[in-house]
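Worksheet: one structure, shown below.
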Amino acid sequence: MAKTEVEVRTGQCPVHEEVEATREIPALGFPYAYYAIVRARAKRRPFVCPLCGKPVSFP
Ligand SMILES: [Zn+2]
């Protein structure tokens with residue numbers, strides 16, 4: 001099964017204020033070209049609040 005890496009960053013949720021926002025990035029696997037694309041796409045997604053799932057902003 002594909003693993004995922006979770007990136008964590010502290011940001012401002014519009015509802016909960018300061019939270020540890022997370023973003024899941026698929027771990028590299030085979031075929032590498034496929035995962036390179038999937039990871040690049042995942043890294044463009046916003047970090048989201050773990051409590052409400054809203055995108056978090058960074059001051
Ligand atoms: Zn929130």
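The values are calculated or read from the model by the stated rules, or taken from the named source; none is laboratory data. None of these values were measured; they are calculated from a predicted model. No Cβ is skipped: glycine too gets one built from the backbone with ideal geometry, and neighbour counts run over all protein chains shown. These accessible areas exclude ligands, DNA and RNA; they are computed on the full protein's heavy atoms, side chains included. Shrake-Rupley method; radii C 1.70, N 1.55, O 1.52, S 1.80 Å.
Just checking, how many residues over the range 6-42 are under 15 Å from F58 (Cβ atoms) and away from the ligand (no atom under 16 Å from the Cβ)?
Of the residues in that region, 1 qualify.
Tell me, yes or no, whether the range 1-17 has at least one residue that is in contact with a Pro (Cβ under 8 Å, 6 or more places away or on another chain), among the charged types (D, E, K, R), modelled with pLDDT under 95 and loosely packed, with under 12 Cβ neighbours inside 10 Å.
yes
Suppose we keep only residues that are among the hydrophobic types (A, V, I, L, M, F, W, C) and within 14 Å of V6 (Cα to Cα) within the range 23-36. Which one would you say is farthest from the chain's Cα centre (by Cα)?
L28
What are the pairs with Cβ atoms under 9 angstrom where one residue, in the range 33-59, is hydroxyl-bearing (S, T, Y) and the other, located anywhere, is at pLDDT below 95 and more than 16 Å from the ligand (Cβ to nearest atom)? Sequence gap at least six, or different chains.
Y35/A2; Y35/P26; Y35/A27; Y35/L28; Y35/G29
Could you grab the pairs with beta carbons closer than 7 Å, sequence gap of 6+ or different chains, first residue in the range 5-28 and within 14 Å of R41 (Cα to Cα) and β-branched (V, I, T), second one outside any strand (DSSP E or B) and open to solvent by 30 Å² or more (accessible area, probe 1.4 Å)?
Filtered contacts from the range 5-28: I25/R39; I25/K43.
Give the residue, chosen from R45, R39, that is outside any loop (DSSP other than H, G, I, E, B) and within 11 Å of the chain's Cα centre (by Cα).
Details: R45 fails: outside any loop (DSSP other than H, G, I, E, B).
It is R39.
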